[in-house]
1. Straight-line reach from Lys221: which lysines have a Cα under 17 Å away, not including same-chain ones fewer than 8 places off?
2. Express the C-alpha Rg of the stretch 167-230 as a ratio against the empirical globular expectation 2.2 N^0.38 Å, rounded to two decimals.
3. Along the Cα-to-C-beta direction of Val40, a point sits 7 Å from the Cα; which residues of the stretch 136-166 have their amide N less than 15 Å from that point?
4. When the accessible area of the stretch 170-237 is computed with all protein chains present and a 1.4 Å probe, what percentage of it is carbon and sulfur?
5. With a cut-off of 8 Å between alpha carbons and a minimum separation of six or more residues, what is the relative contact order of the stretch 207-303 in percent?
6. Provide the convex hull volume over Cα atoms per residue for the stretch 190-303, in Å³.
7. Run the quick spin-label model on His227 and Trp85: label points 7 Å from Cα toward the beta carbon, then report their separation in nm to one decimal.
8. Once label points are set 7 Å from the Cα along Cα→Cβ at both Arg109 and Arg287, what is their separation, rounded to one decimal in nm?
Amino acid sequence: MNDTAPQPDHAADPPGPGAPASLLLPIDPAEFHRQVAWGVGYQRIALGLTVAAIAVVLMLPLLLPDQDAQRLPALLAVLVVPAVWVPLSMTTTRVARALPMIGAALAGRPAEAERMIREQLARKPVMRWARLLVYHRLATLRHHQRRFDESATICQLVLQQPLAGPAASARPHLLLMLAEAQLCRDDLPGAYRALDALHRTRLSLADAIQRLALQTRYALKAGDYDHALAHGRRKVELAELMPAPQCGAVHAMLATAAHKAGRPELATWLWERAELLCPPQLMLELRRGAFEVEVVVPQDGDA
């Protein structure tokens, strides 16, 4: 059974009132790496100059025994530290403050979210963790716009970077979006790699439930119906913790697997439960195998 739903127009949302006429272009991996490298390079220079300034202050009594002669070099050395760190700290703080506002705009005001993302990507210098979290928001926006090629590309680029500090919390969500985007693109090897990485990642209950739904869809796409039905009762119980459309989609996937596996009674029961959860239009799509109801939801604070 075909598991591919008709794709909506992938054009970016038109700008809202007062929004710029041109929004962000499709992701450019080279530009992504330049932006991240620029911030990392600036931070390394700042650290190097700070160490040098400390060394100068410590060495001055040996190099210049006269205390009057020490004052100007010491003052210059001390001024280096705020001169290099203040711009980095200020721009990073501005980006960090904008992240919750971007998250709040993702679902209902995509053009506004895109404008804010563009503004934050234009800021320099920015610490790597803040830059990566802006790209995480961009991946989330593209995912909700069903621009899965771009969503998958951004997730892969961000996941290739060291996710440390505040950015570490984005890893599970990036992997979930990557797995779902790959399934929507019919890239089963890519979806498998993302799901395998999720198994090696500590997840919250909400993330684990989303992973379960994606695993079921992967098994159905791969034709492994017995695996899709494995631990079926537990899957049904966990699916009931999801919003109604996603819960119904999981029931529909399990019903399809039961039908393919020659278990008609189970399939009928699952379809009946799906009909209780889903509106008629969604049921029509699920009946023809269009399981592209998004199961990956924004992280807390993202939307």
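The values are calculated or read from the model by the stated rules, or taken from the named source; none is laboratory data. Because the structure is predicted, anything quoted here is derived from the model rather than measured. Heads up, the Cβs are rebuilt from the backbone with ideal geometry, glycines too, and the neighbour counts pull from every protein chain shown. Side chains are part of the model used for accessible areas, which takes the heavy atoms of the whole protein and leaves out ligands, DNA and RNA. Shrake-Rupley method; radii C 1.70, N 1.55, O 1.52, S 1.80 Å.
1. Lys221 reaches Lys260.
2. Compactness ratio reported: 1.06.
3. 157-165
4. Carbon and sulfur: 48 percent of the exposed surface of the stretch 170-237.
5. For the stretch 207-303, the relative contact order is 27 percent.
6. It comes to 108 Å³ per residue, whole-number rounded.
7. Going by the 7 Å Cα→Cβ label model, 5.1 nm.
8. So the two model labels end up 4.0 nm from each other.
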